[in-house]
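See structure below.
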Amino acid sequence: MAEAGVEATVVPLAELARLLDSMGLAMCVFDARHRTRLWNDSFLCYFPEHAGHVYPGEPYAENLRRFYATRLSEAEAAHMDRHIADGILRHERQSWPFEFVHRGRRLRVAVLPMLDGSRLRVWVPLGAGPGGEAGLTEEHLPELRQDEVPLIADGAMVRDENDRILSVNNRFAAIYGLDHATDAQGQDFRTLVEALWAGRPGAAEARVALTDNPRFEGAPFEVPLPGDRWVRVSERRTQDGIGISVHVDVTDLVRLERAAAAAQLRSAALAASLKAEMEERRRTEAALQRSQRAEAIGQLTGGVAHDFNNLFAVIQAGLDLLEATPEDARRPGRMAMLRDAVARGAALTGQLLAFSRRQPLEPRAVALAPLLEGMLPLLGTTCGSAVEITLDLPPDPPVALVDPTQLEFVVLNLAVNARDAMPEGGRLMLSLGTETLAARKEEGAPAPPLSPPLSPPLSPGRYAVLTVRDTGIGMSEAVRSRALEPFFTTKGDSGGSGLGLSQTQGLARQSGGMVRLESAPGQGTAVHLLLPAITGPAQPRPPDAEKPVRKLRLLLVEDEASVRMMLADLLAALGHSVTSAPDGTTALGLLAEGLAPDVLITDMRMPPGLSGPELARAAWRDRPDLPVLFVSRHAEPELEQLDGRSLLLRKPCRPDDLQQALRRLVCGHPLS
């Protein structure tokens, strides 16, 4: 037994081959392209001409050529190609078994189509098995008497050794257009066919196919008849030369096959057309998305430029005042104003990153009540004296799993939105609560209406609910339906990037929560932020969080010269010894020359040279215990593959942030 290649379907076929061998049955499998795929030992026993010649991948035509070479006379061998073409057609279209004699053994062969397009041929011996040659030969065939021919349901004909018709039945007469079955008796079959179809298109080809081409005895073959009709013929001759043939009109079957093939072609053409249409639709949608993206970028550019221009104006004016009046008593206040402007710029960058879902979150257990209480002074300054701010806390305020810095940004943005919605003043109400979502939560129709929750739906469980409510002008249904869209704003040229509520949405999604928006014209607006609630206390600070950091030797790697200089000065002001490098290659050169820093501080992205992680891995080859502090504004997937020797600090960073990160690295506290 041999098999062609290792395929998923070969194993069960191999088992089938062994099973059929045990039963004395031969088998051979041919793939959809008529190439030999697998055979069993009984196949070689019944067809020894293939032993040593058949191979996996051999075309079926070569298999047939060896088969016919053992059974055709010299005259018949001249028609070898016709026999092979018939055999291939029969292999493709055979739908029921037929019998034939080969090397003294009568065999019945059946063809079974397989799901992958292959075809399995099985030969059943009608007599002795593989071990004997007696079998059932032609001389044992029961003879068909002429008086039995009319009883056959299909067309039947008996001819003598000279092709003179001895008998036909009525069905044969109907197929070939005879008035009566007796009209054919005594005639030469070739002459009869020529007389019946004289002058009709296709008559000559049909006569040749029916009478002149030698055929594989017992194997059915199909012949096209004049008038677009088809007949399937199977013929066998007895020892004394008597030919017995059965003729089946398969016109309807062939037409049905033609219709199916035409339908398949139409289906393929329709599929191709549909595919082309889908491709065109995808191209159109992509063009529309590019157009929408360009429009969104335009909106983003206008809003962000406005916000940043305001911040730059504050920073520029503050720096000018500090330079003009270095000893002014208002210097501390102006410094605070500059720091606030930088913080607002960082918050705006956070909005952009939250919208793009690249904002790196540091979720932890946060007690929401102290966070809101600590924000009240800032909210009061932001909203002004015309807005009354209240905070409603439950007896047992919830603890939520969230990034506290991003949550503060969200609350501040919501407060700014509320202030702008109350130009004549009003009330800003902050409140906390909890909500438990069951597996299937039934929600009624609230009034005022609520926007639908964000998808995907939340998992069942307990959630902390932070609500920011105002008494402003409210939103129409049209505005409320778009309020969460990125860049959507009703502030026009007066300001706003349209990212405030998008940031709220981004934080909610990344934190495993959702947003509900409640608003109606004249009834104010309420934004409900649901965040996963946890039991237990808020996350405590590390025991040594305030422990002083000793003077450290630092290697600072930053490709932006201005940022590198400011960070170096800041670290030096904190009491550390700093060596700077503009890129990773220079830093590795310093390490190779013997520089032994306590901590390596590096930017994440420094094109076109080494990235921060690449620099760290190279440094760890010689200093596996070297702590590394990465400084970046983005989420960095590469850090997921690094170990506990490194921390990530976000830009922009203040002295306390740097000092705390260094403390965690040298004291062994993980970043929380």
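The values are calculated or read from the model by the stated rules, or taken from the named source; none is laboratory data. Fair warning: this is a prediction, and the values are worked out from it, not measured in the lab. When we count neighbours, we look across all protein chains shown, and the Cβ atoms used for this are built from the backbone with ideal geometry, even at glycine.
Tally time: how many residues in the range 152-173 are touching a residue at least 40 places away in the same chain (Cβ under 8 Å) and either loosely packed, with under 13 Cβ neighbours inside 10 Å or not assigned by TED's automatic domain parsing to the domain that holds Leu210 (or both)?
Going through the range 152-173 one residue at a time, the tally reaches 2.
Can you tell me which residue within the range 602-618, out of those that are closer than 20 Å to Val666 by Cα and either out of contact with any strand residue (DSSP E or B) (no Cβ under 6 Å at 6 or more places or on another chain) or charged (D, E, K, R) (or both), is surrounded by the most Cβ atoms within 10 Å (Cβ to Cβ)? Walk me through it before giving the result.
Taking the range 602-618 and keeping what is closer than 20 Å to Val666 by Cα, we get 602-603, 612-613, 615-617.
Add one more test, that the residue is either out of contact with any strand residue (DSSP E or B) (no Cβ under 6 Å at 6 or more places or on another chain) or charged (D, E, K, R) (or both), and what stays is 603, 613, 617.
Working: Asp603: 22, Pro613: 19, Arg617: 14.
Residue satisfying both the conditions and the ranking: Asp603.
Can you tell me how many residues in the range 602-652 are at pLDDT 90 or above and among the polar types (S, T, N, Q)?
Residues that pass the stated criteria total 1.
Could you list, in sequence order, the residues of the range 96-123 that are free of Cβ contacts under 8 Å to residues at least 12 places away in the same chain and either more than 12 Å from Val29 (Cβ to Cβ) or touching a His at 6+ places or on another chain (Cβ under 6 Å) (or both)? Steps first, please.
The initial filter retains those residues of the range 96-123 that are free of Cβ contacts under 8 Å to residues at least 12 places away in the same chain, namely 112-113, 115.
The answer is Leu115, and nothing else.
Quick one: Leu361 ticks every box in (1) in a helix (DSSP H, G or I); (2) closer than 24 Å to Gly513 by Cα; (3) modelled with pLDDT under 70 except a single one, so which number is it?
For Leu361, the failing item is (1).
Only residues that are at pLDDT 50 or above and closer than 20 Å to Asn40 by Cα: list them for the range 122-147, please.
Of everything in the range 122-147, those that are at pLDDT 50 or above and closer than 20 Å to Asn40 by Cα turn out to be Val122, Trp123, Val124, Pro125, Leu126, Gly127.
Of all strands (runs of 3 or more DSSP E) completely enclosed by the range 26-121, which ones contain at least 3 residues that are at pLDDT 90 or above and surrounded by 19 or more Cβ atoms within 10 Å (Cβ to Cβ)?
Working: elements: 26-30, 36-39, 98-102, 105-113.
Ranges flagged: 26-30, 36-39.
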